[in-house]
1. Counting other Cβ atoms within 10 Å, keep those with at most 16, restrict to DSSP loop, and tell me which trypsin sites (Lys or Arg not before Pro) in the stretch C:65-112 are left.
2. Net charge around B:GLU439, counting only other residues with Cβ within less than 12 Å of its Cβ (Lys, Arg = +1; Asp, Glu = -1)?
3. Enter the Cα centre distance for the pair the stretch B:421-491 and the stretch B:215-267, rounded to the nearest angstrom.
4. Among the aspartates and glutamates, which have Cα under 20 Å from the Cα of B:LYS428 when same-chain residues fewer than 8 positions away are ignored?
5. What whole-number volume per residue, in cubic angstrom, does the convex hull of the C-alpha atoms of the protein assembly as shown give?
6. Magnitude of the Cβ-charge dipole of the protein assembly as shown, K/R +1 and D/E -1, about the Cα centre, nearest 20 debye?
7. I'd like the Karplus ³J(HN,Hα) series for the stretch B:164-178: coefficients 6.51, -1.76, 1.60, θ = phi - 60°, whole numbers in Hz, and an x wherever there's a Gly or Pro.
8. Among the helices of chain B (complete DSSP H runs), which have Cα atoms covering no less than 27 Å along the helix axis and a Kyte-Doolittle mean of at least -1.0?
Amino acid sequence: MSVNADQVRHVARLARLALGNDEIDRMVPELNNILGWVEQLGEVDTDGVEPLTAVIENHLRLRDDVVNDGNVRDDILENAPDAQHGFFAVPKVIE
Amino acid sequence: MADATAPYRIKGETGDWEVVIGLEVHAQVTSNAKLFSGAATAFGAEPNTQVSLVDAAMPGMLPVPNRECIRQAVRTGMALDAVINRWSRFDRKNYFYADLPQGYQISQLYHPLVGPGEVEILLDEKDENSVKQIGIERIHVEQDAGKLMHDQHPTMSYVDLNRSGVALMEIVSRPDMRSPAEAGAYLRKLRAILRYVGSCDGNMEEGSMRADVNVSVRKVGGELGTRTETKNVNSVRFVMAVIEHEARRQVELIEEGGEVAQETRLYDPDKNVTRTLRSKEDAHDYRYFPDPDLLPLELDEAFLEECRSSLPELPDAKRKRFEGLGISAYGASVLTAEVETARWFDGLLSAGAEPKQAANWTVAELFGALNRTGKSIDECPISPEEAAELLKLVADGTISGTIAKQVFEIMLETGDAPSKIVEERGLKQTSDTGAIDAEIDKILAANADKVEQYKAGKEALFGFFVGQTMKAMAGKANPGVVNERLRAKLG
Amino acid sequence: MSELTLKTITELREGFRGGDFSAREIAEAFNAAVVAGRQLNAYTVETPELALEAADAADRDRTTNSLKPLSGIPLGIKDLFATVGVDSTSGSNILKGFKPTYESTVSGNLKAAGAGMLGKLNMDEFAMGSSNETSAYGPVMSPWKRNDGGNAALTPGGSSGGSAAAVSAGLAPGVTGTDTGGSIRQPAAFTGISGIKPTYGRCSRWGIVAFASSLDQAGPMARTVRDCAIMLEAMAGFDPKDATSLNLPVPQWEAGLTTDLRGKKVGIPKEYRIDGVPDEINAIWDQGIEWLKDAGAEVVQISLPHTKYALPTYYIIAPAEASSNLARYDGVRYGLRDTPEGGNLDAMYAATRAAGFGAEVKRRIMIGTYVLSAGFYDAYFTKAQKVRTLIKRDFAEAFKQCDLILTPTAPSAAFGLNEKMADPLAMYLNDVFAVPASLAGLPAMSVPGGLDSQGLPLGIHLIGRELDEQGVLNAGLAIEERAGFTHRPKRWW
Ligand SMILES: [Mg+2]
Ligand SMILES: [Zn+2]
């Protein structure tokens, strides 16, 4: 499979990356190069093979239902580019 | 009155249309802490105070699942007779929005915790035979998003992450419903079950339960039509309104030669209309994939057994048990609709009340009083034990039914025990024949003319003598004894 | 430079405990070296005051006989670790100025063990790179030069390039690194130091900025194998805040060190002899085989049939996870925000991310987004996860015949800055020997083997069974003893 400029633009939109046309044009052959290379996996017979789910044999631990976190508003807002009245502020969203 | 079991049809210009409905209900799991963090879940806190570094998606933060949230979802699945998947997994649903700090929602797509199950509804509450099964496709566990405030600033929206990461169960039905009423019955029943189980408080005003309403229309028996999804509808009434509105809109659109677009819509309760939120063309590509921060969730038998054994009696079973005790179908249905009422009534039964008497009294007297005072059963000043005592005083003849009503009113006002009220206010019913005979003698003497008439055959006057005697005894005389003594004296 | 900065952690520990010098003297010596080494661009933040603070605490503890395992030892911390109150930017513009209010578990463990912090170490942006050239702070210079008199600036490798340069230049006796697909081992090899990536789950990932969650592991980089063992013991351990953390006690790796490899079988995978690799790489590998034989090990030929597919598998899985892990850098809660005039929320996201991420990060986000997108998920991502199963199975089969696997660390010695930046695939090939162990979550280590004809260090790579860090460290130590690698870059900075 190979991608064209429109597809690259679509992916950039999904990833929320504002890319200029020249950047898109530069990326098309780069991505195709990489995609073409990873597609060699097609040679591998994976019939009946389960996709890996856990790298190392381990079980998901569950936490107790205890409130032991939160109440750290200052920490939460500490690095915010724009915090107002205890909220994060963002450009107005019209729903 | 329309037959509740008659099929719901939209009358179009080209004929009758059937509506096909599926619901995705997001129910907030009752838990102290969030699904993947130790921050609190309580409603109504100051903005961004119930937020951990994990909930705010600070760099390097990791999720660790809350056992109780998993447990409650499993118990819910069991209550819906659903398949519980011992092996499930969390996936990331990727999209950008200001209320979604991680840039993805941790949810379950490929391997949900709970598989197929069902909910039984009654199309007609008074008719045991109007049963319909609504299929459940799955229940998965996922994170709630934060909240955006749009009206605080002219050009900015404000983000509050207090809800971010709160555990939700998404309960997905099959498209088995065919009318607004069925959808309403399904939602009410589902809500009752969740509340019985204790896995969700069912509080729709606070957003604890919201439904995504999938609606399509088709000619009766025809091919399935294209569906629309109306998001986040937060009351049973609104869900029903959305279906009515959306079905009619779709029929009109098709009959005018248009096509229904597969899209997401929003409901505006003020105008009672739905409108397009986004169409399929700019639909998200969520790029689901297994969350690499989490391992597969494997449940062992001990965990499942605890979930099973901690399930309470569910509404249907309780209703049938009540009916088995001789309580009417209607009474049983009313008494089991809300978990608090059912618990209260069960308390009344275990305090020794006779089931039929208890049911009649609860439905007529207690509900009436609560209605009048605008109180919920939880705020009821009378405990089941005290109520049982009251009913027992009537049953054993200590007080009459009339006096019982007075005692009940006093109980409501003072919260005092019935025996205390009866004792202190001397309301005890008397069977003392001496006292009753003395009053009867006075009455008969004072009404010699009526005695004459009675003896001459005007038997209707018997009631008059009973009433006079009861009045003279201030309502405390045993009516049976009064009757018996009067008959003896009148010959 | 001061004698002290030439010492290993082990030597500093002994000297400090024995009263030869104070912790403050150690910290001051390294603080001075950090300043003198600024040309290398190894540190993005210098925190001399924190190093001194810990040193003074260590000196006090020495008087009360309450020393901790790393008392008196100042360390450098890779910028990928969140360090409380100190800029933690992962080498990215998008996190410029980000000061965490929290400390990563691993760096916290080190501090709790008495270590001080000299500063934050430069790295490839979000650990994506093999040459430290993708950093927003600019490339790190390797302290090493070729002996051709050309004075070309070389890469220290990446992504833990600042870490590697700092240790090899004596700007820290030990440092933290992280390894997703070779980011500890390749730079260790390029700079003539040792580094170990433990079994996936040994070191908590909590507070380490995520690149590819199923692969990321922290580990130590230091001058010697023993130093690595000492550091790893302090770094590792169960952390309930990381759901993938292994709930196992931390072995006493240092105490367990031995160079007696009798009874051990060392596997030599035939698939690691690949075309186009310089003879010198194969020669150092063969030398490694001889050294292990000398230590008593038996050498067996093994096969890891899916080796060839490890790199493409990695370049699907790692970018896919990264594309999602990096979604949180959106300009809302921390870091850079760029809102175009009159732009809405989406415009803010796109502009912020375009301005904040560098070219390589964008490239990987694009690849990752693409392979997860509708219609391509199964062909790329699911396929890669299946091949990953096969790669893991290869190792499981191999470890039925051997206890350890020996390979070269990298297919070349350090290359020049700018040499490979224009060709992403050529850059990716650097990790061809390192990536398979990452995909399988296995412990793996690079130790210096010798110099090539240009006078540049070459690394030898050891891969162990899961949880067998001890076996890896022991074999590493056996090589270290025999290689007698005492070379240091000639100081030019
Ligand atoms: Mg939905
Ligand atoms: Zn949902």
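A short reminder: the numbers here are calculations on the coordinates, not readings from a lab. Computed from a predicted structure; not experimentally measured. So basically every Cβ, Gly included, is an ideal-geometry build from the backbone, and we count neighbours across all protein chains shown.
1. Listed in order of number, the matching sites are C:LYS96.
2. Around B:GLU439, the surrounding residues sum to +2.
3. 69 Å
4. Straight-distance partners of B:LYS428: B:GLU385, B:GLU386, B:GLU389, B:ASP396, B:GLU409, B:GLU413, B:ASP416, B:ASP437, B:GLU439, B:GLU484.
5. Roughly 226 Å³ of hull volume per residue.
6. Rounded to the nearest 20 debye, it is 400 debye.
7. Here the 3J(HN,Hα) series is 4, x, 5, 6, 10, 9, 9, 9, 9, 8, 7, x, 9, 8, 10 Hz.
8. Qualifying helices: B:236-255.
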